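*Asks:* Once you've had a glance at the structure underneath, I'll fire off some questions.
The values are calculated or read from the model by the stated rules, or taken from the named source; none is laboratory data. It should be emphasised that the depicted structure is a prediction, and the values quoted were computed from it without experimental measurement. All Cβ positions, even for glycine, are placed from backbone atoms using ideal geometry, and neighbour counts span all protein chains on display.
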Amino acid sequence: MSIVGDFEITKFYTSSSLQKYFGEDEEVTIPSGVTEIAAAVFARKDRLRKVVIPEGVISLGSEVFYECPDLESVTLPGTLKHIGGDCFCRCKKLKEIKIPDGVEDIAPGAFLECENLQRANIPTSLRSLNAGVFMRCPKLSSIVIPEGLERIHEDAFFSSGDKVLTFTIAEGNKNFAVRKRKLIDVRTGKVLWEPLRLFFDEEE
């Protein structure tokens with residue numbers, strides 16, 4: 001274990017894990033050489049506004065940025081493979097996230113209740129979109145379903161986008177379709193998302 005500035009870092013053979021952050025800065029750049037960020041390292045950091053994660057980081061643990069109310073900007077590295085559960089949950093000022101191609105796993109609830117998230121993407125490397133990844137993101141406006149995506153959990157977009165969310169299916173993806181604004185798994189016929197007003201109208 002070593003202390004580098006405001007960071008506690010533990011090294012294992014070929015990996016280096018950021019375990020704790022002691023600072024209260026608004027803008028933070030993770031030290032180079034870190035390969036993973038442990039669970040809840042920045043959770044509930046009220047002043048945190050901008051974070052730059054360097055190339056070489058391959059994993060973000062669960063709840064890394066949980067309930068960071070002022071977090072507006074996060075730069076994710078091209079080396080990233082895993083985003084943990086509830087990683088960005090309730091980051092109320094986060095409006096946009098660019099998830100790099102190469103990410104292979106986004107755990108449940110990663111962007112749960114990011115109430116101002118408008119723009120996000122599904123990386124072309126992802127094969128399965130887990131439960132609640134973009135759940136309760138009411139301002140989410142558009143999503144491209146990449147060619148290689150094989151599975152979308154029925155709650156991945158639950159209560160998100162209200163009436164504004166639109167889906168574009170990449171050419172070559174035969175697993176999903178958009179019909180009358182509903183996102184459908186064509187193999188099962190299951191509706192994976194539909195506008196909230198339409199849902200309630202049908203219930204009535």
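Yes/no matrix, rows are residues, columns are (1) out of contact with any Gly (no Cβ under 9 Å at 6 or more places or on another chain); (2) not acidic (D, E):
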| site | (1), (2) |
| --- | --- |
| D25 | yes, no |
| I30 | yes, yes |
| A40 | no, yes |
| R44 | yes, yes |
| V51 | yes, yes |
| V64 | no, yes |
| P69 | yes, yes |
| L80 | no, yes |
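*Asks:* Let me ask something additional. What is the number of the single condition among (1) at negative phi; (2) surrounded by 14 or more Cβ atoms within 10 Å (Cβ to Cβ); (3) of a type outside the set (D, E, K, R) that G102 does not meet?
*Replies:* Here G102 clears every test but (1).
*Asks:* If we keep just the residues of region 45-81 that are in contact with a Leu (Cβ under 8 Å, 6 or more places away or on another chain) and of a type in the set (D, E), which is surrounded by the most Cβ atoms within 10 Å (Cβ to Cβ)?
*Replies:* My answer is E72.
*Asks:* Something else about it: Got a sec? Which strands (runs of 3 or more DSSP E) wholly within region 12-76 have at least 3 residues that are of a type outside the set (A, V, I, L, M) and at pLDDT 95 or above? Before you say what the answer is, go through the steps one by one.
*Replies:* Working: elements: 15-21, 27-29, 50-52, 73-75.
In region 12-76, the matching strands (runs of 3 or more DSSP E) lie at 15-21.
*Asks:* Restricting the search to region 107-122, which residues are closer than 24 Å to A40 by Cβ and of a type outside the set (D, E, K, R)? Can you show your working first?
*Replies:* As a first pass, look at region 107-122 and keep what is closer than 24 Å to A40 by Cβ: 107-117, 120.
Correct list: A107, P108, G109, A110, F111, L112, C114, N116, L117, A120.
*Asks:* Also, quick follow-up: For region 128-160, what are the residues that are within 13 Å of F176 (Cα to Cα), outside any strand (DSSP E or B) and not aliphatic (A, V, I, L, M)?
*Replies:* Result: P146, E147, G148, E150, H153, E154.
*Asks:* Next question, about the same structure. Looking at E96, E67, E72, which is the one that is of a type in the set (D, E) and free of Cβ contacts under 8 Å to residues at least 24 places away in the same chain?
*Replies:* Details: E96 fails: free of Cβ contacts under 8 Å to residues at least 24 places away in the same chain; E67 fails: free of Cβ contacts under 8 Å to residues at least 24 places away in the same chain.
Of the residues listed, the single one that is of a type in the set (D, E) and free of Cβ contacts under 8 Å to residues at least 24 places away in the same chain is E72.
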